[in-house]
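A quick write-up on the structure given underneath.
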Amino acid sequence: MIQFHKVSKVYPNGALALLKVDLHIPPVDFVFLVGPSGAGKSTLMKLIIRQELPSEGQVVVNGKNVARLRKSEIPLLRRKVGVIFQDFKLLPDRTVWENVAFALEVAEVSPREIRKRVPAILQLVGLEHKASALPGELSGGEQQRVSLARAVVHNPLVLLADEPTGNLDPATSLEIMELLERINLRGTTVVMATHNREIVDRMKKRVVALEGGRVVRDEQKGRYGR
Amino acid sequence: MKIRTVLRLAWQGLAGLWRTRFLGTAAFTTIVLALMVMGIFLVFLANLSHLAQGLEERVQLRVFLADGLSPEAMAKVGEQIRTLPEVERATFVSRSEALERLKRQFAGREEVFELVEENPLPDSYVVQPAPGTDWAKLSRALEQIEGVERATYGEEIVRRALLFLRMTTAATLAAAAFLAVAITFIIMNVIRLTVYARRREIEIMRLVGASDSYIHFPFLCEGFFLGFCGALLAALGVDRAYLWLSEQMSRSIPFLPLLGRDAFWLQAMSALIGLGALMGVVGSYLSVKRFLRA
């Protein structure tokens, strides 16, 4: 599903983010990316959705070298790869329903299809009763669930989660993790960057540890630290 | 893009204008004023070109004949002149006719002619060249005809007048181009405000897979509305101003008539509105492109 072949990334200011990273993530895998801040976790995700281009090496997603995608193909890639963030990135002046529908509108999905898919996905994340609420009226956990609903409403092949529990309390974090696991079981590959030791240790999934831009550890059913 | 999407995005463009209405109003006023100046330039250019054309049409060549030609020989010269393809019309003016004309021009000062014992003027032909003729070339060709002493068209005056008109036209065009760039920049900055206001939305749009054209479109509409409406208002302003100026000029300098509003008006105003709309679209495209690249 996702392959990194000797990928290095140096930013224009000279900062080295990744160095000769080799990584293979098969379909329906669940991977935690761990490591200190600046280790390269976010850069790795940005390369997957082609927010950044590798300085060296190849990033292949769903059989396609993302660096070679035509400009018009990038949006199509991003519809196959959902993303959620620590700060949720919701539109504050739009309701829950509208925030989720937004992802379908930009893909020019028909209104009828939107009316069908949005309630189903809101039900999946347990927010069908909050469809007309604004993000400001929701708790952090609920906002992250809206963000999650928006990320998976396209039925993406991959879900990238960049510190999704960073702003949440432990109980809410667990709820989000349960949802991510459910989404993973539906056939979506999940790649999650996190600093949350407790969650990583509890979930017993594959753990890829990065340090100084290198993969220093890659183990199945791993733990946060050695 | 589907029609439904186009309409929705166009509506978003209008909403964007509304969102930045306070800062936008000042910018919009500037755009209207700048477009009015541009409109005045356009109208001025049309008048200049009309003037130049009029001047070119009014240029006539005088072909002076050699002394002592028989009437038959003079008629033969006339025939030869008329066979030239660049000649539209050639009228014979006898030396006595020429003197009469001169006397008419000096009416009231006939004493000048008392000094002249004999008519010094030669027989001549007045030649009307076809439009677009190279007068210098025609004058050389006419001088080749046997019996022709000299052919002239007031070279120096015509040359200077046309040079002046051409230089003024070039300067006006340059100023209009400069103005067009300035207007495009103003529109770029107005759009930048709305882009900035919607930067979060744009960021999310890109993350969830919106195409660049989808992101661009509402802003292009916004730029189009700004340019189009600005130019429409400017056209109305120029129209009123031109009407007033024509009236003033026909009263005070009747020999220099302005073009009638019907002759070219629709073209000039359509050009102004088209240019306004184009500058709006280009300005907003550049603005969003810069933002998306950053």
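Quick note: the coordinates plus some simple rules give every number you see, no bench work behind them. All figures in this text were calculated on a predicted structure; none of them were measured in a lab. Cβ coordinates were reconstructed from backbone atoms using ideal geometry, including for glycine residues, and neighbour counts include every protein chain displayed.
Take B:CYS221, B:CYS229 and order them by how many other Cβ atoms sit within 10 Å, fewest up front. Mind showing how you got there, number by number?
Details: B:CYS221 22, B:CYS229 18.
Ranked by crowding around the Cβ, least crowded first: B:CYS229, B:CYS221.
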*Residues B:ASP262, A:ASP87, sorted so that the one with the fewest Cβ neighbours within 10 Å comes first*: B:ASP262, A:ASP87
*Of A:ASN62, A:ALA103, A:VAL31, which is farthest on the positive side of the dipole of chain A, counting Cα position, with +1 on Lys and Arg Cβ, -1 on Asp and Glu Cβ, and the Cα centre as origin?*
A:ASN62
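Largest first and in whole Å, what are the equivalent-ellipsoid semi-axes of segment B:60-152 based on the Cα gyration tensor, each being the root of 5 times an eigenvalue? Each step should come with its number before you reach the end.
On the way: eigenvalues 140, 48, 21 Å².
After scaling each eigenvalue by five and taking roots: 26, 15, 10 Å.
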*Report the FRET efficiency, 1/(1 + (r/R0)^6), for B:HIS50 and B:LYS2, where r is their Cβ-Cβ distance and R0 is 51 Å, rounded to 0.05.*
0.60
*For chain A, please report how many Lys pairs fall under 17 Å Cα to Cα, leaving out neighbours fewer than 8 apart on the same chain.*
19
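Please work out the FRET efficiency for the pair A:GLU108 and B:LEU33, using the Cβ-Cβ distance as r and a Förster radius of 41 Å; give the result to the nearest 0.05. Don't skip to the answer; put the middle values down first.
Values: r = 40 Å, r/R0 = 0.97.
E(calc), rounded to 0.05, equals 0.55.
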*For segment A:174-214, give the magnitude of the charge dipole about the Cα centre (Cβ charges: +1 Lys/Arg, -1 Asp/Glu; no others), in debye to the nearest 20.*
200
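Tell me, what is the FRET efficiency for B:ARG251 and B:GLU72 to the nearest 0.05, using R0 = 45 angstrom and their Cβ-Cβ distance as r? Don't jump to the answer; show the numbers that get you there.
Details: r = 53 Å, r/R0 = 1.17.
That pair, B:ARG251 with B:GLU72, gives E of 0.30.
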*For segment B:178-235 versus segment A:38-77, the gap between their alpha-carbon centres in whole angstrom*: 29
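Please rank B:TRP135, B:TRP11, fewest neighbouring Cβ atoms within 10 Å first, as an exposure proxy. Mind dumping the intermediate values first?
Values: B:TRP135 21, B:TRP11 12.
Final ranking by Cβ density, sparse to dense: B:TRP11, B:TRP135.
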*Just how large is the dipole of segment B:1-113 about the Cα centre, in debye to the nearest 20, putting +1 at every Lys and Arg Cβ and -1 at every Asp and Glu Cβ?*
1220
_Rounded to 5, percent antiparallel among DSSP beta bridges of chain A_ = 50
_Positive end of the dipole of segment B:60-152, charges at C-beta (+1 Lys, Arg; -1 Asp, Glu), about the Cα centre: which of B:SER70, B:PRO120, B:THR83 has its Cα farthest in that direction?_
B:THR83
